[in-house]
Amino acid sequence: MGYYPSAWLAYGVQIPDTSSDQLEDALGTLDGQRGDQADHVGYLHAGRYDDEDSYLVTQATEAEIGSSVVVAPNRATAEQYADWDHNLAAAARALGMTDPIEPSWLLIAHVA
């Protein structure tokens, strides 16, 4: 058995441990609601191979070890960030989270 290390650069927020089924159900409830676009919010389970964390994300790029990937967060407009923040907050509410979230760019080391 081998390990597969990589890293994610993602715009989003870490959330409490949540199953894929719960995340897909919650994101599915956003379809068609006042600009809340579930297709613009996804999720990641990433981190240590035996203890992955859960994340809600709007943008995510994976880089394998030994490769480089160009990501340009500065190309996103203030309006895009506002939309991403709105949709991430709606997704968090759909999961029952009541505390305000503060999305940011996350660099997540991952080992599968």
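The values are calculated or read from the model by the stated rules, or taken from the named source; none is laboratory data. Quick caveat, the model's predicted, so the values are computed rather than measured. Here the Cβ positions follow ideal geometry from the backbone for every residue, glycine too, while neighbour counts run over all protein chains shown. Each accessible area value is taken on the protein alone, full model and side chains, heavy atoms only, with ligands, DNA and RNA left out. Shrake-Rupley method; radii C 1.70, N 1.55, O 1.52, S 1.80 Å.
Remark: the chain carries 62 Å² of accessible area per residue (probe radius 1.4 Å; ligands, DNA and RNA excluded). The calculated Kirkwood hydrodynamic radius for region 62-112 is 13.5 Å, given to one decimal from all distinct C-alpha pairs.
Given the options ASP17, ASP83, ASP53, state which has the largest fluctuation in a GNM of the chain using a 10 Å cut-off (strictly under) for Cα springs. Of the options given, ASP17 has the highest mean-square fluctuation. A Cβ-based charge dipole, computed about the Cα centre of the chain with Lys and Arg at +1 and Asp and Glu at -1, lands at about 320 debye.
Stokes-Einstein diffusion for the chain at 25 °C, viscosity 0.890 mPa s, with a Kirkwood radius from C-alpha pairs, works out to 167 µm²/s.
Computed on protein heavy atoms with a 1.4 Å probe, the accessible areas place VAL13, VAL71 in the order VAL71, VAL13, largest first. Under the simplified labelling scheme, the TYR81-GLU102 pair shows an inter-label distance of 1.4 nm, with each label point 7 Å from Cα along Cα→Cβ. When only Cα pairs below 8 angstrom with a gap of at least 6 residues are kept, the chain shows a relative contact order of 46 percent. What a 1.4 Å probe finds exposed on the chain is 49% carbon and sulfur by accessible area, rounded to a whole percent. Counting only heavy atoms of the protein chains and using a 1.4 Å probe, TRP84 has close to 40 Å² of accessible surface. Helical content alone sets the calculated 222 nm signal of the chain at -7500 deg cm²/dmol, taking -39,500 (n - 2.57) per DSSP H segment of four or more residues and averaging over every residue.
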